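The values are calculated or read from the model by the stated rules, or taken from the named source; none is laboratory data. Since we're looking at a predicted model, the values are computed, not measured. Cβ coordinates were reconstructed from backbone atoms using ideal geometry, including for glycine residues, and neighbour counts include every protein chain displayed. Keep in mind that these areas ignore ligands, DNA and RNA; they rest on the heavy atoms of the full protein, side chains included. Shrake-Rupley method; radii C 1.70, N 1.55, O 1.52, S 1.80 Å.
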Amino acid sequence: MQAVGFVKLLSQFQGLSVDQICQAKAALSDQENQREGLFVLREKEKSVGRCPHCSSASFVRYGRRGGRQRYRCKAAACRKTFNVLTGTPLARLRLPEKHIENAKCMAARSSLLEAAQKLDVAMSTAFRWRHRFLKCMAALPPSELVGVVEVDETFFLESFKGQRTGLTRKAKKRGTPAVRRGLSKEQIPVLVARDRSEHGNTLTQRLDARDAKHIGSVLIPRLSKGKDVVLVSDSNSVLKVIGRAHRIEVRQVPRHPKHKTTGLTHINNVNNYTQRLKHWMIGFVGVATKYLANYLGWHRWLDANRKTKTGRHFLEASIGWSLAA
């Protein structure tokens, strides 16, 4: 739009009624959402560094389709085309103009009903979109843990919420407590590790078993390389085994009914994070175990971006890892 025409349009706003102003605001809001999502995609197109099909770094621009830049791989064995969303859970997802609004709902932790009403889509669509975005968040690699790293475990009751076939036990009403007291196969273990850096880098991941092999395979790759790392935990002997195997110092909080810290030897930070995670999970009235990793990634992102959690940031995080160099 030319500058003169735009100034003339602004001058006409003074004569609008209240209803017309509301309609104009709604129309401009829709346009803003559409353009904001496209702007994020345009920015991510600049960071495309490899073909998602064969990982080749040799490709060329291949026109535009649906407002998105397409590329073609130059590798002789591939020659396939792709765009910025190829290879991500958001690929081929319809109504892309609503993705930024859905990201805002996710950043605000809106319920499925609230998201469906705001996006004007069916509940099933809102649910499918939620988990498409959450797959992206779960795939984001946790930050590197540095310095003093507090390690603990937490547990979530096994849930088959929404599953009608293939149950390993009798169906029961949601919210029913575990059959066995204490720890059992009904409790799904989750490793929680958090360092004491300014950003509070955090690792949350479901464990297949609570032995040194499984815990070590999850924890060790996330520890900082080439720097002194100190693991602080409770009296769990598994961390001692891992520390000896990888030559990492392990400090453990002594068992005492009253004194649960010894100077800087404590796990208060990781316990506070676990408490926030547990409280946040209550609002979902039970999370299906098959989706547990998605929700752990969602909360990890929300907790790390408490001060800057916007829809745009959420959308950028959702697609930012797909075609990085």
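Worth pointing out:
- Taking amide hydrogens as placed 1.01 Å from N in the peptide plane, the amide H of Arg70 sits under 5 Å from those of Tyr62, Gly63, Arg64, Arg65, each at least 5 positions away in sequence or on another chain.
- Placing a label point 7 Å from the Cα of Lys278 along the Cα-to-Cβ direction, the residues of the range 173-203 with a backbone N closer than 20 Å are 175-195, 202-203.
- Close amide H partners of Leu157, meaning residues 5 or more places away or on another chain with modelled amide H under 5 Å apart, are Ile188.
- Accessible area of Ser124 (1.4 Å probe, protein heavy atoms only, ligands and nucleic acids ignored): about 70 Å².
- Of Lys278/Lys309; Lys172/Lys309; Lys170/Lys240; Lys44/Lys161, those spanning more than 27 Å from alpha-carbon to alpha-carbon: Lys172/Lys309; Lys170/Lys240; Lys44/Lys161
- Ranking Val218, Val285 from most to least accessible surface, computed with a 1.4 Å probe over the protein chains only, gives Val285, Val218.
- Taken one residue at a time, the phi angles of the range 270-284 give Karplus couplings (6.51, -1.76, 1.60, θ = phi - 60°) of 5, 5, 5, 5, 4, 5, 5, 4, 4, 5, 5, 5, 4, x, 8 Hz. Gly and Pro are set to x.
- Over all directions, the projected convex hull of the C-alpha atoms in the range 114-256 averages 12.3 nm² in area.
- Förster radius 30 Å - calculated FRET efficiency between Lys290 and Cys54, Cβ distance, rounded to 0.05: 0.50
- Long-range amide H partners of Val148 with built H, under 5 Å: Arg196, Val230
- Compactness of the range 79-166, expressed as Rg and Dmax over alpha-carbon positions, Å: 17.1, 48
- When the alpha-carbon atoms of the chain are used, the pair Rg, Dmax equals 24.1, 77 angstrom.
- Residues of the chain: accessible area per residue with a 1.4 Å probe, Å²: 60
- Heavy-atom accessible area with a 1.4 Å probe sorts Leu85, Leu113, largest first, into Leu113, Leu85.
- The 1.4 Å probe gives accessible areas that order His199, His53, His214, largest first, as His199, His53, His214.
- Dividing the helix sum by the residues of the chain, where each DSSP H run of 4 or more adds -39500 (n - 2.57), gives a mean residue ellipticity at 222 nm of -12500 deg cm²/dmol.
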